[in-house]
Amino acid sequence: MLKKPDLFGDERICLVCRTPFDIERHHIYGGVGRRPISEREGCCVYLCHEHHQGKDGVHQNKRFRDSLRAECQRRWEMREGKGHEDFIRMFGESYI
């Protein structure tokens, strides 16, 4: 199956602070079994190290993580022309 374009764009700059330095790729729906689906479906985003792994980064900050997951779900559903049930079948749960 072909990889779809990233829902947040493919520019290698931090989504939050827009820096082009120390950029890391974050799989929005990670974990066992979902990381490859995130990659294939374009559910990835570029973040600087601080916003990825830092004190207030997506891996440490539940509010940030939840908002990113909800926004990605909205974008995925819009791009695919599908609803929450389709998203749940693909990723296992809804974040909206």
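Within segment 17-75, the trypsin sites (Lys or Arg not before Pro) that combine a DSSP coil assignment with at most 12 other C-beta atoms in a 10 angstrom radius are 18, 55.
What residues from segment 22-49 fall in the zone where the backbone N is under 13 Å from a label point 7 Å along the Cα-to-C-beta line of residue 75? Counting backbone N atoms under 13 Å from the label point, the list is 26-29, 39, 41-47.
The angle between the Cα long axis of helix 62-80 and the longest principal axis of the Cα atoms of the chain comes to about 50 degrees, rounded to the nearest 10. Centroid-to-centroid, using Cα positions, segment 23-37 and segment 42-96 are 10 Å apart.
If R0 is taken as 22 Å, the Cβ-Cβ distance between residue 3 and residue 55 corresponds to a FRET efficiency of 0.10.
Per residue of the chain, the DSSP helices (runs of n ≥ 4 H) give a summed -39500 (n - 2.57) that works out to -12000 deg cm²/dmol at 222 nm.
The calculated pair-distance distribution of the chain uses every alpha carbon pair, bins of 10 angstrom beginning at 0, and gives 17, 50, 29, 4 percent.
Values in this text are rule-based calculations from the coordinates and carry no lab data. Not measured: the values here are computed from a predicted model. Here Cβ is always computed from backbone atoms with ideal geometry, including for glycine, and neighbour counts include all displayed protein chains.
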